[in-house]
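Accompanying notes for the structure given below.
Each reported figure results from applying straightforward, stated rules to the coordinates on display, with no laboratory input. Note that the coordinates shown come from a computational prediction; the quantities given were computed from them, not determined experimentally. Here Cβ is always computed from backbone atoms with ideal geometry, including for glycine, and neighbour counts include all displayed protein chains.
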C-alpha cells in the first residue's frame, strides 16, 4: 500500500471518516496506542506505582525507620481471607523462639490467634508534602505491638518493616529515574538542538563531546564519581549529586537523536515553507519542528527512565550511591548483598521484584509509545 | 582498507590523551588530596606513617605542585610503564592488575561469545517467524532479561544453588586451586566455575542483542532487494541468510565498540556479588578505600578497552560494509 | 495472432486482508502475453498493476493472497509437452517448481535498481548467483556468462564492473546491470516494473532503446508496467489499461491510442500534456481524484469521474465486465455492452 | 546601516528594462564536501555555476533539466531559502524599487517574502501534518500581521474557494486529502499574501497523471486572474511546453539555452536541448522515434568536465568545446544559447503541435 494509506489503515478502523479527517496528531497517536493492550496495562500499573511514590506513607504499615531488635529477620506474613469458614481478611501472627544451639530466632505461625486486617485504618502520623498531618493508612492491623505484629514482606536485620521501606524506596528510586531523565532531556534537547539546528562549529564540538562521552565506560565512571561524593553530605545533597552524575552520561543518546531530528527537519519542505512564509526562527522551532518529535522524545524518555532506575540500584547496591538512612530500592537490596544474608532471609530479595516489574512496565509502555509516536511514518 | 585502519590508528593517541585527562580528574575528584585522607585513615585505625615516607610519596606524586604538573608526572610514569604503588594493598599496581587481567579477559570474552552465539539465532528466528509462539516467548523472555538487574540474577541463582544443592557458587576456583599453579586440572576447575557468571552476564546482553537483531532484521526483510532475490528463485532460507542477516549484522557490529567494554565494566557488580577475582571488585574496593591511583589506573584500563573495542568494531564494520570502507578512503 | 499465448491470466483476484476489511487490489484481471511481444500495463497509482505482476511472480506476501483466478504459463521446464500450460496459482508459494521458474523462465526488472541490489555484495556476486542457481556451471563459466551479459547490455569495462558495488555505478548503469541480471538465463518472460521511473529522461531513452534491442534479438516476451503513456506508446505491442484493480480496456497499442473505446482511456489520453501540446492551453481534465482503496464501491470504479456514465445509475450499481468488442480489443464498459457502439 | 551598504542593496542606478521583474546574473551556489574527523572541506559541489536569466512580469519561465542539474537549487536561491555563494538577483519590488536579493540581511527579507512564494514538489512533505488547513493556509497571514482570527478564517475560506476546495474543509488535517487536493492547499498557502512571483518546484511531478492536468489548469487560471509571474521548475518537458512562455534548459549547473517555448521545442539550437527533446517518448505508437539516445551519464557537479560540460556526450564536440566553456549569448532576439557551434548546427526539434 502507498504511504498515504498506511495512516488511514491504522486509524480508520474505529472512527468515522469525519472524525478522522479533523483528528489532530495526539488523537491519532492515542488511537494507535490504544491498540497496544500490554502497553495500556503497563500504563495502569505505572499509575499505581506513581501513586505509591507520591504517598508512600499512606501505603506503609509502620514507620520505615522504626527498628526493633526483637523483630529482626521476621519472614513475610501472608494475608488470608477466610477464618473458620467465614470471610474475614486477616493475617496470622508470628511467634518467635530462640534456637538454643544456633541462638537464632526462629519464627513460627501462632495458630491460636488471628489479626484482623483493617483498611483505611489509622497508624503512625505523617505529613503529606508538608501540608498537613494525618495518620490514615491504606491497611494495617489494630494496635500493632511486638506480640501482634504484621510485616507483609517480613523484616530486615534491624527488624524494620520491609513493606513500608519498599513503599518509601519507591518514591526515591522512581523520582531519581524521573529527575535524572528530566535533566538528560534538558541537556539533550538543549545541546542536541543547538548542534542540529545551528550546525557549524558548535555542532562539531558537541558531536565530538557526545562521541567521547559515549565511549567512556559508564559504570566505572559513575562508580568513581559517586565514590568521590563527600561522606558527610546530607541525603538530599547525595540524591541530587547522583541524579546529576547519572544524567551527565545519560543525555548523549537523546542529544544525538534530537540533533538527527533537527538536521533532517531542517531539510523538510514544510519547514522551508514556514520559513518562506516569514515565520520567525522561534516559531519554526517551537511550532513546526519540536511538535514533530515530542512524541518521540516522550517515548525515548520513557525508555530511558528504567535505565536510570537500574543504574541507581546498581550504585546503591554497591554502597556507592545513596546511603542509609536514605531508602531506595538499591539501599534495600544492599541488605541482600551476600549469600549469607540471602540464605538467612531470602525475602530480602523481594524489593528486586519491584525493580523488575517497574522496569518491565516502563519498557513495555515506552515501546508502545514509540510504536504509536509517529502516525505519519 | 589499510588506509582506513591507519586513519583510525592515528586517532588513538588523541583519544588516549583525552581519556587520561578524564581518568586523572577522577583521581582528583574526592575532596582533599588522597594522601591526607589516607594518613587520616591510618591515624584513625591507630597506625601511622613515617614522616619521611609521607614526604617521599608527596614528592613522587608531586602533590605540592600544580595540577597540570601532577598530571604530567603521572602520565610520564605510566608511559614508562611504572603504574605506581597501591597504598591500600601496599603492592605495585601493575602486579595487582596483571594478576587479575587474565581472568577478567576470560570472563569478558566468554560472555561476549556466549551472548552472540545465543542472541543472533534467537533474533533471526524471531524475525523470520514474526508473531509465532516462539517469537512471543522470546519477546517475553527478552523483556524480563532487560528488566532484571544482573546482580538479581546472580543472587537468585546463588540462593537456589545454596538452598537446593547446598553449594556455594562463588569465586572462580575451588578452594584447593585458588593459589595453586596453573595446571590442566586448574583450567578445568576454572571452566566449571566460569560458566555461571558467563551465563548470568550473558543473559542480560542476550536479551538486548536479540531484540536489536530482531528489529534490524525485520527492517531488512521489508527491503526491495528481498523481493528481487525471491524473483531470482532463491530459496527462502538461503536468501535470508545471505542478504538480510548479513545486512542486519552490520549495525550490531558497530555495537561491539561499546558492548565489549560494557561487559568488562558491567561485570563489576556480578563479580562483587559472586566474589570473583577479577578487576571489578578491586576497583570497588579501591574506590571505597580512596586508593585513587589504583582506581584511576583501572578506569584508564577500562577506557583503553573501550578504545580498542571501538577500533575493532570500526575495522570489522569497514571490512563487512564496503560502503564505509570505500567512502572513507 | 494465430500464435498461442505464453502466459494466460484469467480472472485474477488478489486481496489484502487488513484490519479494516479486505482490499481487492486486483479484482478480476485477465490478459494474455504472446511469445515475442511486449505487453504494456498502464495505470495510475493504486490501480493494481504492481500487485498484478507480483501475483504472476507469486511474490504476494501476508496479509495479501491470491483469492481467485488462474495464471497459466507455458513453461519449458515444468510442462510436459509444448501444448501444456502450468497454472502457477496451483503451485505452493514456496515450492521448488516456482523457484526453478523464477529468475530462469520468468525474470524481473525492478523499479529501483539501487534498492534491489544488495549494497554489500558485488554486482558480479549477485549476477553469478542467478546463473549458478539455475545452471550447473562452474565459477569460471558463471563469471564468463555474467561478463558477457554485462557487455551485451552496454556496461563499459564489464570485468571491472563485476567487482563493483551497485552504489558505485550511475543510475543508468545500475539499471543496465539489472537488465543484464534478468537476462542471464534467457527468460521466456521478462517482467519490467516501471524500470525507468526513477531515472532521467536521457537515461530512460538509453534503457528503453536497449530493452527494445534486446527484445528483438532474443524474442523475449515482456510485461512492461508504467504510468507513462509515452513509454507505452514507444515500446508496447499490446496494452492493458487498469484502474482501481480492474482492466478497463485492452488491445493492440495502435487501437488503444488511436481508437480508444473506454471513457477512462479516452479521458486519460486527452488530459496528459505532451511535447506537442499547444502552448498555454487548457487541458481537458478528468474531474475528481482517484478514490481511496478502502472505499466500498459497487459498479464501475470509474463512474464517479466518468462524463459518459449512463443514466439511471446503471454504471453506479452494476459492474461491467471485460468483453471483447472486436478481434483484439476488449472493453469493460456498458457503452459497449448493449451492442450499441458509441464513439 | 551605512550609506554605502544601502546603495549596494538598492541597485536602482543600473538600468533594468521596465517589463522585467527579476534579473539573475552569474548566480553561483557551491556546497562544500566535508570529510574526516574535523570535517575539513575536501571539495565543492558546483550545484549552480554561473546562471544568468531574467523573468518578465506576468510570464512563466520554465526551468528544465535532469536531476542534479541545479534547477531546484537555483529556484531556492531566488527566494533566499538557501544563500547563494555569489551572483546578483535583482528584483523589482511592488513599489518599483530595485533590490539585490542576495545582499539583503535576513530581517530585510521579510517584506520580500510576501511578494515571492514557493510551491513544492511533494505535497505530502510540504504541509505540516500537525496543522489543520486553517492554521496551514492562515500561517502566512498570522506571521505577517493578520492577528484577527475571524479575518484570517474569512481569508482562508476565500483562498480555499480560489483553488477549488470547499471552505468547510478548514478544520481538516492534511491526512484527509489526496495528493492533488494537497497541492491545491499548498497553492492556497502560497497565494495567501498576494505574491507577485511564485516559484513552482516540480509542482505536478508527484501527482497522478489524471490529476496533473487539473493542477496545471489551476495554475494557468490563477496566473491570469492574479497577474502572477511563475518560475516553473520541472524535468518533464511535456509539462513545461504546456505551461511556459519561455524555457531555460540547464545542464550541470549552467543554462545552456533559453528562448520562447515554441522556438525552443521546434528549433533548438543547443545539442543538449535537441537530445533532451528526442529522448521524450512520444505518446503515439505511430511515431516511433528512432531513439538514438545520448551516450554516457550526466556528470557529477562535484567534478564536472572541462570546457563545455556537455562535450563528453556531444556528437558535435570539438577541441574548443573541451577547453573553453561557451558563454550564454543572445543569437536571435530573446534566444540565448551557450554553444560554440550553434551557428553551424541545424538541430531537429519536435514536430508541430497536433
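On C-alpha positions alone, give me the angle between the axis of helix C:171-183 and the longest principal axis of chain C, in degrees, nearest 10.
80
Using only Cα atoms, locate the centre of segment D:224-275 and the centre of segment B:252-308, then give the distance between them in Å, rounded to an integer.
Rounded to whole Å, the Cα centres lie 67 Å apart.
What FRET efficiency would be calculated for the residue pair residue A:236, residue B:165, taking the C-beta separation as r and a Förster radius of 51 Å, to the nearest 0.05? Mind dumping the intermediate values first?
Details: r = 45 Å, r/R0 = 0.88.
Rounded to the nearest 0.05, the efficiency is 0.70.
Given a Förster distance of 51 angstrom, what is the FRET efficiency for residue B:11 paired with residue C:170, based on the Cβ-Cβ distance and rounded to 0.05? Can you show the working numbers first?
Values: r = 33 Å, r/R0 = 0.65.
Working from the Cβ atoms, E equals 0.95.
Distance in nm between label sites at residue C:297 and residue D:35, each 7 Å beyond Cα in the beta-carbon direction?
For the pair residue C:297/residue D:35, the computed spacing is 5.3 nm.
Order the peptides A:237-245, B:206-214 from the highest to the lowest mean number of other Cβ atoms within 10 Å of their residues.
On the way: A:237-245: 18.8, B:206-214: 22.6.
The packing order, highest mean first, is B:206-214, A:237-245.
Given points 7 Å out from each Cα along the Cα-Cβ axis, report the residue A:323 to residue B:186 separation in nanometres with one decimal.
So the label points at residue A:323 and residue B:186 sit 3.8 nm apart.
Pick out which of D:151, D:59, D:202 has the largest mean-square fluctuation in a Gaussian network model of chain D, springs linking Cα atoms closer than 10 Å.
D:151
So what is the relative contact order of chain A, in percent, for Cα pairs below 8 Å that sit 6 or more residues apart? Could you put the intermediate results ahead of the total?
On the way: 564 pairs, mean separation 79.1, N = 377.
Answer for chain A is 21 percent.
Given the C-alpha centroids of segment C:94-148 and segment D:171-190, what is the distance between them in whole angstrom?
Their Cα centres are 44 Å away from one another.
Given the rule -39500 (n - 2.57) for each run of at least 4 DSSP H residues, summed and divided by the residues of chain C, what is its mean residue ellipticity at 222 nm, to the nearest 500 deg cm²/dmol?
On the way: 12 runs with 106 residues, N = 343.
Theoretical 222 nm ellipticity from helices: -8500 deg cm²/dmol.
In whole angstrom, and with the biggest value first, how far do the Cα coordinates of segment A:77-150 range along each principal axis?
Sorted from largest, the Cα extents of segment A:77-150 read 52, 36, 16 Å.
Can you give the convex hull volume per residue for the Cα atoms of segment A:165-373, as a whole number of Å³?
Values: hull volume 27.8 nm³, N = 209.
Once divided by residue count, the hull of segment A:165-373 is 133 Å³.
Using only atoms on other chains, find how many Cβ atoms lie within 10 Å of each Cβ of peptide A:336-348 and report the average. Let's see the in-between values first.
Details: counts 5, 4, 7, 11, 2, 1, 6, 5, 0, 0, 6, 0, 1.
Whole-number average of other-chain Cβ neighbours for A:336-348 is 4.
Which of A:231, A:160 has the fewest other C-beta atoms within 10 Å, and how do the rest follow up to the most? Don't jump to the answer; show the numbers that get you there.
On the way: A:231 8, A:160 22.
Taking fewest neighbouring Cβ atoms as first place, the list is A:231, A:160.
If a/c stays under 1.5 just call it rounded; otherwise compare a/b with b/c (prolate if a/b is bigger, oblate if not). Do that for chain C, with a ≥ b ≥ c from the square roots of the Cα gyration tensor eigenvalues. Walk me through the numbers before you get to the answer.
Working: a/c = 1.92, a/b = 1.54, b/c = 1.25.
Prolate is the answer for chain C, as a/c is 1.5 or above and a/b outweighs b/c.
Which percent, to the nearest 5, of DSSP beta bridges fully inside the protein assembly as shown are antiparallel?
Values: 85 of 122 bridges.
Of those bridges, close to 70 percent are antiparallel.
Given axes a ≥ b ≥ c from the Cα gyration tensor, I'd like to know whether chain B is rounded (a/c under 1.5), prolate (a/b larger than b/c) or oblate.
Values: a/c = 2.75, a/b = 1.58, b/c = 1.74.
Cα axes put chain B in the oblate bin.
In degrees from 0 to 90, rounded to the nearest 10, what is the angle of the helix A:351-373 Cα long axis to the longest principal axis of chain A?
Here the helix axis deviates by roughly 20 degrees.
Fewest to most neighbouring Cβ within 10 Å: what's the order for A:103, A:166? Don't jump to the answer; show the numbers that get you there.
Details: A:103 7, A:166 24.
Going from sparsest to densest Cβ surroundings: A:103, A:166.
In percent, what relative contact order does chain C have, based on Cα pairs under 8 Å that are 6 or more apart in sequence?
Numbers: 612 pairs, mean separation 65.2, N = 343.
It rounds to 19 percent for chain C.
Taking every DSSP beta bridge with both residues inside chain C, roughly what % is antiparallel (nearest 5)?
Values: 31 of 50 bridges.
Bridges in chain C that DSSP calls antiparallel: roughly 60 percent.
Once R0 is set to 51 Å, what does the formula 1/(1 + (r/R0)^6) return for the Cβ-Cβ distance between residue D:306 and residue B:99, expressed as a FRET efficiency to the nearest 0.05?
On the way: r = 67 Å, r/R0 = 1.32.
Plugging the Cβ-Cβ distance into 1/(1 + (r/R0)^6) gives 0.15.
Enter the angle in degrees (range 0 to 90, nearest 10) between the Cα long axis of helix B:279-288 and the first principal axis of the Cα atoms of chain B, meaning the one along which they spread out most.
Roughly 50 degrees between the two axes.
Mind sorting A:139, A:59 by how few other Cβ atoms lie within 10 Å of their own Cβ, fewest first?
Details: A:139 17, A:59 20.
Fewest-to-most Cβ neighbours within 10 Å comes out as A:139, A:59.
With a/c under 1.5 counting as rounded, go ahead and sort the protein assembly as shown into rounded, prolate or oblate using the C-alpha gyration tensor (a ≥ b ≥ c being the square roots of the eigenvalues; past the cut-off, prolate if a/b is larger than b/c, else oblate). Could the numbers behind the result be given before it?
Values: a/c = 1.90, a/b = 1.73, b/c = 1.10.
Note, shape of the protein assembly as shown comes out prolate.
Evaluate the relative contact order of segment A:77-150 (contact order divided by residue number), counting alpha-carbon pairs under 8 angstrom at least 6 apart; express in whole percent. Before the final figure, lay out each step's value.
Details: 128 pairs, mean separation 18.7, N = 74.
After rounding, I find 25 percent.
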